Amino acid sequence: MKSIRLMSGFFTVGVWTLLSRILGFVREVMILSLIGPGPLMDAFVAAFRLPNMFRRFFAEGAFNAAFVPMFSKRLEAGEDAAKFAQNAFSGLFFMVALLTALGMIFMPGLVWLTAEGFTGDGRFDLTVGFGRIVFPYILFMSLSALFSGILNATGRFAVAAAAPVLLNVFVISALTFAALTGGAAINWLIWAIPLAGMAQLALTWRAASQAGFSLRPKRPRWNKNMRDLVVIALPAALASGVMQINLVVGQLVASQYENAVSWLFAADRLYQLPLGVVGIAVGVVLLPDLSRRMRSGDNAGAQNALSRAAEISLALTIPSAVALMVIPLTLVSVLFERGASGTDDSAAIATAVMIYGLGLPAFVLQKIVQPLYFAREDTRRPFYFALVAMVINAVLAVGLAPWVGWLAPAMATTVAGWGMYGLLAIGARGFGDAARVDARFRRRIWRIIAASLIMGAVLWFFNVQLNTLMAVPWWRGLGLLILLCIGALAYFSSGQMLGAFKVSEFKAAMRRGG
């Protein structure tokens with residue numbers, strides 16, 4: 001059986017996720033330029049959020065939180081993992097196909113529940129129409145995520161990590177064609193999404209078949225394994241539902257303000273870059289690794305895997321968070337300010353980016369701590385913690401709106417994120433040494449923070465010095481590149497001197513596979 005190489009797996013997923021996020025930036029830049037903040041973009045964001053909400057249940061969220069540990073343990077023990085995967089695939093296909101049909105029929109109700117502020121203006125009907133086109137994406141993505149879980153559990157990370165790139169490739173191609181031909185960009189955009197989902201499913205399905213897991217739709221069979229899967233997945237699904245309520249509350253508040261849905265969407269895309277590259281990559285690799293180590297009783301190996309995952313993720317996340325808080329306007333104006341997106345939009349988006357930056361480390365830490373629960377097939381307590389975070393989010397989003405307006409959802413998301421991490425960390429104390437970071441992590445984390453603060457000071461100083469260059473439209477991209485290179489040099493040089501990390505350790509870990 002192919003063993004999981006933790007560090008090389010992390011970098012494989014991270015590199016592909018980085019490529020996906022970079023292409024995602026290109027995608028968002030084109031959307032903001034060709035469509036721009038306004039009714040069309042608000043309607044698209046609200047419509048596209050619907051399949052993305054449900055994918056947290058059936059894709060990389062609740063279902064895989066239960067499926068991956070159970071599949072990994074059967075794979076480790078040689079307990080007919082292929083039959084278990086086939087039964088899970090058949091059940092998932094049936095459930096999500098039914099959900100897709102119901103969602104398309106009752107789309108007006110879904111839009112009213114998630115964007116009530118659109119009622120009474122043209123955005124409501126636009127969102128309903130867009131939603132019926134993009135909603136089938138959830139079926140393709142859910143099945144693709146199951147195949148990705150199989151590939152990750154067998155240590156084959158590349159195809160699963162590469163699949164999300166296809167969405168951005170399809171959307172960018174569609175928008176480019178619309179721009180060149182003078183077509184309606186919004187129509188090309190929404191039709192590209194379900195087509196991209198089909199391509200992702202085809203890619204992962206073929207890769208899983210080549211790995212020895214050739215699955216086909218069959219009549220779902222209810223047995224003990226499926227009962228166990230549902231029992232474990234249900235609390236995770238409820239936890240995902242709570243998290244989606246947080247998003248809905250935020251969108252409901254934002255929908256009361258003109259362009260706010262679009263602004264928050266753009267800000268979310270920017271902070272999702274480091275979250276996706278680091279947090280999601282670590283979580284994807286860490287969960288099957290922890291599951292298999294715990295099955296074999298390797299507590300020391302589990303502690304080392306957790307500590308190294310936390311160390312490298314925070315070494316990349318903390319400086320990213322500092323950059324988002326120190327130079328948000330520079331980042332946003334260079335990346336998004338063109339075409340239909342103006343200076344007022346950049347200022348609004350930058351403010352939200354700064355708020356999200358405060359919560360970025362919390363979101364990444366959640367991705368590191370949650371596998372400790374899922375590897376033990378404990379999905380109940382994360383659900384209870386998510387309920388508390390939901391209350392925090394709802395109270396702040398609604399309660400702060402009269403004072404801070406459309407920024408209330410961003411503030412609520414950040415505070416709730418830290419609250420969720422705190423609860424997960426406290427709850428994990430009873431898991432023993434395997435759930436505790438080692439002495440090396442505790443020694444280095446403060447040095448990582450110090451190096452990040454030094455980088456922040458350097459970024460602030462040179463951002464002021466490069467203001468003149470940034471004012472010239474044709475040189476803004478070069479100015480941002482120079483600024484980011486200076487910041488990276490400051491961080492890595494100060495980190496090396498302070499002993500926060502050693503590049504040689506990363507190279508050695510890659511050579512021996514983590």
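The values are calculated or read from the model by the stated rules, or taken from the named source; none is laboratory data. The shown structure was predicted, so the numbers you read here are calculated from the model rather than taken from an experiment. Every residue, glycine among them, receives a Cβ derived from its backbone with ideal geometry; neighbour counts consider all protein chains shown.
Quick look at the numbers
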{"quantity": "Qualifying residue in region 41-49 (condition: in a loop (DSSP other than H, G, I, E, B) and either at pLDDT 75 or above or not charged (D, E, K, R) (or both))", "calculated": "no"}
{"quantity": "Those residues of region 392-415 which are under 17 Å from V364 (Cβ atoms) and out of contact with any Leu (no Cβ under 7 Å at 6 or more places or on another chain), in sequence order", "calculated": "T413"}
{"quantity": "Unique residue being assigned by TED's automatic domain parsing to the domain that holds L215, surrounded by 20 or more Cβ atoms within 10 Å (Cβ to Cβ), assigned to a helix (DSSP H, G or I) and in contact with a Leu (Cβ under 6 Å, 6 or more places away or on another chain) when the list is F147, F130, F140", "calculated": "F140"}
{"quantity": "Residue match in region 124-146 (condition: of a type in the set (S, T, N, Q) and under 18 Å from R49 (Cα atoms))", "calculated": "yes"}
{"quantity": "Qualifying position, being closer than 20 Å to V230 by Cβ, small (G, A, S) and either in the same structural domain as P194 (by TED's automatic domain parsing) or assigned to a helix (DSSP H, G or I) (or both), among A161, A88, A179, A101", "calculated": "A88"}
{"quantity": "Which listed residue is out of contact with any strand residue (DSSP E or B) (no Cβ under 6 Å at 6 or more places or on another chain), assigned to a loop (DSSP other than H, G, I, E, B) and at pLDDT below 75, from G279, G339", "calculated": "G339"}
{"quantity": "For D438: the one exception among (1) modelled with pLDDT under 75; (2) among the acidic types (D, E); (3) under 30 Å from F385 (Cα atoms)", "calculated": "(1)"}
{"quantity": "Any hit, region 364-383, residues being touching a Gly at 6+ places or on another chain (Cβ under 9 Å), at pLDDT below 85, polar (S, T, N, Q) and in a helix (DSSP H, G or I)", "calculated": "yes"}
{"quantity": "Residue match in region 211-224 (condition: surrounded by fewer than 19 Cβ atoms within 10 Å (Cβ to Cβ), of a type outside the set (D, E) and more than 19 Å from A82 (Cβ to Cβ))", "calculated": "no"}
{"quantity": "Single match in M53, M107 (criterion: in the same structural domain as A178 (by TED's automatic domain parsing), under 25 Å from Q256 (Cα atoms) and at pLDDT 85 or above)", "calculated": "M107"}
{"quantity": "Test: residue in region 322-345 that is closer than 18 Å to D42 by Cα, of a type in the set (G, A, S) and free of Cβ contacts under 8 Å to residues at least 12 places away in the same chain", "calculated": "yes"}
{"quantity": "Only listed residue being among the basic types (K, R), over 30 Å from S333 (Cα atoms) and buried (at least 17 other Cβ atoms within 10 Å of the Cβ), chosen from R429, R440, R436, R444", "calculated": "R444"}
{"quantity": "Which numbered condition A348 misses (of (1) aliphatic (A, V, I, L, M); (2) in contact with a Pro (Cβ under 9 Å, 6 or more places away or on another chain); (3) crowded, with 24+ Cβ neighbours inside 10 Å)", "calculated": "(3)"}
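Residue by residue, here is whether (1) under 23 Å from A323 (Cα atoms); (2) of a type in the set (A, V, I, L, M, F, W, C) holds:
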site: V364; (1), (2): yes, yes
site: P382; (1), (2): no, no
site: V395; (1), (2): no, yes
site: G405; (1), (2): no, no
site: A408; (1), (2): yes, yes
site: W418; (1), (2): yes, yes
site: D433; (1), (2): no, no
site: I448; (1), (2): yes, yes
